[in-house]
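Working notes, structure below.
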Amino acid sequence: MLSMIRTIWYVFLHMFHRRVTVQYPDEQPYLAPRYRGRIILSRDPDGGERCVACYLCAAACPVDCIALQATEDSTGRRYPEFFRINFSRCIFCGFCEEACPTYAIQLTPDFEMSEYQRPNLVYEKEDLLISGPGKYPGYNFWRVSGVQIGGKDKGEAENEGRPVDLHSLLP
Amino acid sequence: MTSPYPIVTMIVILAAALTLAAGLIWVERRLLALWQDRYGPNRVGPFGLLQVLADMIKIFFKEDWIPPFADKAVFIVAPAVILVTVLMSFAVVPFAPGIIISDLNVGLLFVLGMSSLGVYSVVLAGWASENKYALLGGVRAAAQMMSYEVFMGLALMGVVLLAGSFNLTSIVTAQRHVWFVVPQFIGFVLFLIAGVAETRRLPFDLPEAESELIAGFHSEYSGMKFGMFFVGEYLGVILISCLITILFFGGWLGPVLPPIVWFLIKMMFFICFFILLRAALPRPRFDQLMSWGWKVMLPLALANLLVTGAVALVWSS
Amino acid sequence: MTIVFYTASAVAIIATILMLTRANAVHALLDLIVSLLAVAVIFFVLGAPFVAALEVIIYAGAIMVLFVFVVMLLNLGEPATRAERALLRPSMWIVPSVFAAILLAEFIWLLVSGDVPPSAVAGIEAKETGMALFGQYLIGVELASMLLLGGLVAAYHLGWRKVPQTEATHVSHP
């Protein structure tokens with residue numbers, strides 16, 4: 001009986017406590033830079049797509065919300081023919097970002113993606129691609145990888161030696 | 001003492017009671033939020049006041065569905081019973097000198113009678129729904145309200161002894177010198193607890209315990225029929241608060257301010273206390289509720305009545 | 001007041017007839033409750049508000065709730081309704097109808113002969129009822145209370161259940 005009266009008194013004292021509710025639309029909550037929200041695809045500093053369509057993100061995705069199809073341009077540079085994320089399935093776990101070898105897929109601090117129709121939550125590549133490099137400004141995958149593409153021959157990448165000419169007999 | 005324009009008084013009290021009951025939904029949600037460190041409804045209109053209006057519009061346009069397996073006539077009558085019995089009780093409540101519909105000389109008994117008829121609403125709703133959860137809720141409600149009615153009446157008899165009348169107006173005027181909460185403190189506590197149980201408010205909302213019985217006796221109700229149960233519950237809270245004010249806290253008596261203002265202040269205080277109880281206390285188990293009622297409250301009420309009677313007898317001789 | 005009296009009486013009679021002819025137990029009980037409430041109104045009109053209030057609180061509010069409670073717990077359902085309907089054959093009506101006809105004839109004869117005692121005009125207050133109960137009719141009250149006490153003790157005895165001495169009750173604590 002006494003404990004009940006004490007409970008009532010303590011609950012009454014909550015009248016003078018600070019309210020924990022964030023008045024969301026009027027008052028935006030602070031989102032950390034590494035907040036896991038809407039997914040984007042970033043670009044090189046040069047403006048080319050970073051994504052090399054390796055399928056690692058689709059394989060890592062626990063809810064299978066990522067679909068893509070790899071293709072190559074005439075110079076041997078890989079890119080996704082289509083890249084589709086179904087945000088009505090996405091759980092924003094960030095595994096795709098961790099799996100990505102080229103920093104192409106990134107999660108952003110934005111979660112306001114309400115739609116009245118479910119199909120509108122399926123984002124195509126045009127919707128996902130942004131014009132900048134995202135969280136990794138200086139990084140360019142094709143500049144550091146040894147793969148030969150148009151405009152960059154073998155051995156022209158950063159920190160890469162010239163390829164050995166196997167036809168010369170000199171060591 | 002009865003007002004010169006009974007019809008006008010009647011309409012005013014009816015309108016005021018129903019408006020207050022609707023407003024209480026907002027008050028309750030805001031106060032609960034306040035005690036739980038939240039805001040509650042604050043979007044629709046100033047301070048969220050129009051939330052009630054929005055809810056009303058919503059509830060009026062909901063499909064009014066009667067389950068095909070239900071006992072149709074009883075199913076329809078049940079929600080009306082609760083509203084009628086509670087509103088009837090307001091007829092004998094003296095809000096201020098002159099603001100009363102019928103100054104019945106057995107006013108207190110009339111209120112008790114009406115509250116005991118209110119049980120039917122819940123019981124019949126539970127029975128007519130032909131749903132096991134509703135039936136369980138109805139059975140619980142019947143047992144709970146029957147038990148708590150017994151010592152609710154007994155707790156009030158001390159007040160009747162001191163005032164020497166069942167008339168609510170003369171009970172108020174008998175408190176001119178000292179409020180009855182002082183000599184009848186046990187009676188007040190007993191009546192408060194019984195009042196909470198009688199209106200099936202938390203912590204005694206076992207007939208509609210969500211975690212066990214879905215919504216208890218009104219599981220099958222929708223639309224305005226559900227709304228009537230809802231409004232009936234809030235009207236019950238207002239009525240019990242009015243009764244506590246009249247019986248134990250001197251009704252409209254108070255200095256400086258006009259009588260009706262005093263009455264409303266005291267009434268609002270107890271309504272807020274009811275909501276505080278809801279915010280603070282967990283629900284007891286049903287057997288705890290029953291044994292608490294019969295083994296603690298009833299003997300206490302009887303002892304209180306005995307002592308009050310003895311003291312009154314000694315005092316008068 | 002006369003109009004109120006006759007209306008209430010008509011309601012009481014009709015509700016009682018309905019109560020007798022219902023096949024569903026809960027519907028019958030509801031009609032009985034309406035009948036009791038009508039009787040309470042009659043008491044009120046006759047100048048006995050205390051008795052009227054007691055009628056509502058005790059009969060309609062407590063005893064009938066218990067009846068409804070028990071019927072609800074039994075959960076009679078469709079078979080019981082059919083059995084009840086079979087019981088309501090015309091041949092079952094003959095004996096009660098004869099008795100009711102005798103009472104009606106007596107009542108009509110009383111009305112016709114004009115020997116009706118005048119109904120109480122002055123209101124009877126709670127205090128007077130109490131004085132009568134604990135003065136003139138003290139023995140009756142005491143007898144009733146003894147009967148109720150006996151019933152209470154008997155109910156307690158019947159409701160007392162011995163806890164069976166099973167294995168489960170002897171759980172040893174480590």
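Here are some notes:
- Between A:Tyr55 and B:Gln288, the C-beta separation translates, for a Förster distance of 56 Å, into a calculated FRET efficiency of about 0.40.
- Cα radius of gyration and Dmax for the stretch B:65-316 (Å): 18.5, 63
- The lysine pair tally for the protein assembly as shown, using Cα distances under 18 Å and a gap of 8 or more places or different chains, is 4.
- Number of partner chain Cβ atoms within 10 Å, mean per residue of B:30-41: 3
- Per-peptide packing, taken as the mean over residues of other Cβ atoms within 10 Å, places A:136-145, B:30-39 in the sequence B:30-39, A:136-145 from highest down.
- Packing around the peptides C:144-155, B:305-316, C:33-44, taken as the average count of other Cβ atoms within 10 Å per residue, puts them in this order, highest first: C:33-44, B:305-316, C:144-155.
- Choice from B:Gln144, B:Gln288, B:Gln184 with maximal GNM fluctuation in chain B (Cα, 10 Å cutoff): B:Gln288
- For the segment B:273-286, counting C-beta atoms of other chains within 10 Å of every residue's C-beta and taking the mean gives 2.
- Take the Cβ atoms of C:His157 and A:Asp127, set R0 to 45 Å, and the FRET efficiency comes out at 0.05.
- Each Lys and Arg Cβ is given +1 and each Asp and Glu Cβ -1; about its Cα centre, the protein assembly as shown then shows a dipole of about 900 debye.
- Of B:Val189, B:Val92, the sequence from fewest to most neighbouring Cβ atoms within 10 angstrom is B:Val189, B:Val92.
- Rule-of-thumb Rg ratio for the protein assembly as shown [Cα; 2.2 N^0.38 Å; N residues]: 1.43
- Averaged over residues, the count of other Cβ atoms within 10 Å places the peptides C:62-72, B:158-168 in the sequence B:158-168, C:62-72, highest first.
- Note on the stretch B:48-112 and the stretch B:216-269: Cα centroid distance 12 Å, given to the nearest whole angstrom.
- Relative contact order, whole percent, for chain B stands at 23, derived from Cα pairs under 8 Å and 6 or more residues apart.
- Chain B, dipole about Cα centre (Lys/Arg Cβ +1, Asp/Glu Cβ -1), debye to the nearest 20: 480 debye
- The simple spin-label model puts a point 7 Å past each Cα toward its Cβ; for B:Phe185 and A:Asp64 those points are separated by 7.0 nm.
- Gyration tensor verdict on the stretch C:1-90 (Cα atoms; rounded if a/c is under 1.5, prolate if a/b is larger than b/c, oblate otherwise): oblate
- Number of partner chain Cβ atoms within 10 Å, mean per residue of B:174-186: 0
- A:Tyr35 versus C:Val112: modelled label distance in nm, points set 7 Å from Cα along the beta carbon direction: 9.5 nm
- Per-residue 3J(HN,Hα) values for the stretch B:55-67, derived from phi via the Karplus relation 6.51 cos²θ - 1.76 cosθ + 1.60 with θ = phi - 60°, read 5, 4, 4, 4, 6, 6, 8, 6, 5, 8, 9, 10, x Hz in sequence order (x marks Gly and Pro).
- Relative contact order of the stretch B:1-89, defined on C-alpha pairs under 8 angstrom at six or more residues apart (%): 16 percent
- Spin-label pair B:Phe269-C:Arg82: with each label point 7 Å from Cα along the Cα-Cβ axis, the two points sit 6.3 nm from one another.
Values quoted throughout were computed directly from the atomic coordinates according to the rules given, and no laboratory measurement underlies them. Because the structure is a prediction, the values reported are computed rather than measured. Counting neighbours? That spans all protein chains shown, and the Cβs are built from the backbone with ideal geometry, glycine included.
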